[in-house]
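Contents: one structure, followed by commentary.
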Amino acid sequence: LYDVFAIDDNRIGVAIADVSGKGISASILMAICQTNLRHISRQLDSPAEVLSAINAQMQSSMRRDMFITIVYAIIDQAKQEITFARAGHELPFFYHRASDGSTSVEAVKSEGMALGMVPPEIFDITIRDKTVAFTKDDALILYTDGVTESVNASGEEYSGERLMNALETHGNGSAQSILNQVMDSVHRFSGDEGQPDDLTLIAVKHS
């Protein structure tokens, strides 16, 4: 699942998620998650509180062998900041270009367990919001593990480190350019090995 939607005139919600398993049951579960996300995000301002509410709503109806990892971010255009909450998903990567022209890429770390794995009394005490400034030329990448776990002919994974390097190299481009360059990097790495999992990427660029 990936989703981008307006919350109000100044704020945009961005989410990427991955459900365990495949097939119809996984698709239905993801559709329910997306519906809950869009509904609850208009009632609560904190991404962590939104994910807590989704977990409480879905936990009792999910099979024990199924769970959903998700990153939900709110981009506040007026405040020029992004607030994240991460429920067991891959770490977001953040590209920053300083005023002196130097660039850096870091993983935005925040705590949280996957949706559906534990009851609310445990989930709620682990999930936390993380806020970072989002100013001119900054970029954000959200992705699923199908990207970092792509393998080459030697069985080596593409890895988060290579993804960070690709973002640092191409992060000054537009959002579409970043996506194109990262996907090219993944495909060059994996060659003819094919992809064992879906490749899902979201790039957000502050122009």
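Values for this structure:
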| quantity | calculated |
| --- | --- |
| Residue, nearest to the chain's Cα centre (by Cα), within region 120-144, restricted to residues that are among the acidic types (Asp, Glu) and more than 22 Å from Gln59 (Cβ to Cβ) | Asp138 |
| Top-ranked residue of region 1-30 - restricted to ones that are open to solvent by 70 Å² or more (accessible area, probe 1.4 Å) and free of Cβ contacts under 8 Å to residues at least 24 places away in the same chain, ranked as farthest from Val147 (Cα to Cα) | Asp9 |
| Residue selected from region 191-207 under the condition within 21 Å of Met164 (Cβ to Cβ), modelled with pLDDT of 70 or more and of a type in the set (D, E, K, R), by the criterion least open to solvent (accessible area, probe 1.4 Å) | Lys205 |
| Test result for Ser41, open to solvent by 10 Å² or more (accessible area, probe 1.4 Å), among the hydroxyl-bearing types (Ser, Thr, Tyr) and over 12 Å from the mean Cα position of the chain (by Cα) | no |
| Spans of strands (runs of 3 or more DSSP E) in region 47-120 with at least 1 residues charged (D, E, K, R) and within 21 Å of Val182 (Cβ to Cβ) | 81-87, 93-97, 103-107 |
| Unique residue being within 28 Å of Ser20 (Cβ to Cβ), of a type in the set (Phe, Trp, Tyr) and either open to solvent by less than 20 Å² (accessible area, probe 1.4 Å) or in contact with a helix residue (DSSP H, G or I) (Cβ under 9 Å, 6 or more places away or on another chain) (or both) when the list is Tyr158, Tyr95 | Tyr158 |
| The one condition in (1) buried (at least 18 other Cβ atoms within 10 Å of the Cβ); (2) in a loop (DSSP other than H, G, I, E, B) that Cys33 fails to fulfil | (2) |
| Neighbours by Cβ (under 7 Å, 6+ apart or cross-chain): first from region 90-101, under 14 Å from Asn165 (Cα atoms) and touching a residue at least 40 places away in the same chain (Cβ under 8 Å); second among the hydroxyl-bearing types (Ser, Thr, Tyr) and open to solvent by 30 Å² or more (accessible area, probe 1.4 Å) | Tyr95/Thr103; His96/Thr103; His96/Ser104 |
| Total residues in region 56-87, condition under 18 Å from Leu44 (Cα atoms) and in contact with a Pro (Cβ under 7 Å, 6 or more places away or on another chain) | 8 |
| Subset of region 161-190 [open to solvent by less than 50 Å² (accessible area, probe 1.4 Å), polar (S, T, N, Q) and under 24 Å from Ile75 (Cα atoms)] | Ser177 |
| Leading residue by the ranking (modelled with the highest pLDDT) among those in region 20-66 that are among the small types (Gly, Ala, Ser) and closer than 13 Å to Asp3 by Cβ | Ser41 |
| Pair list, Cβ < 7 Å and 6+ apart or interchain, from region 164-181 residues that are at negative phi to residues that are modelled with pLDDT under 95 and open to solvent by 60 Å² or more (accessible area, probe 1.4 Å) | Asn172/Arg97 |
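The values are calculated or read from the model by the stated rules, or taken from the named source; none is laboratory data. Owing to the predicted nature of the structure, the values given are computational and were not obtained by experimental measurement. Ideal geometry is used to build each Cβ from the backbone, glycine not excepted, and the neighbour counts take in all protein chains shown. Areas reflect the complete protein model, heavy atoms only, side chains present, ligands, DNA and RNA absent. Shrake-Rupley method; radii C 1.70, N 1.55, O 1.52, S 1.80 Å.
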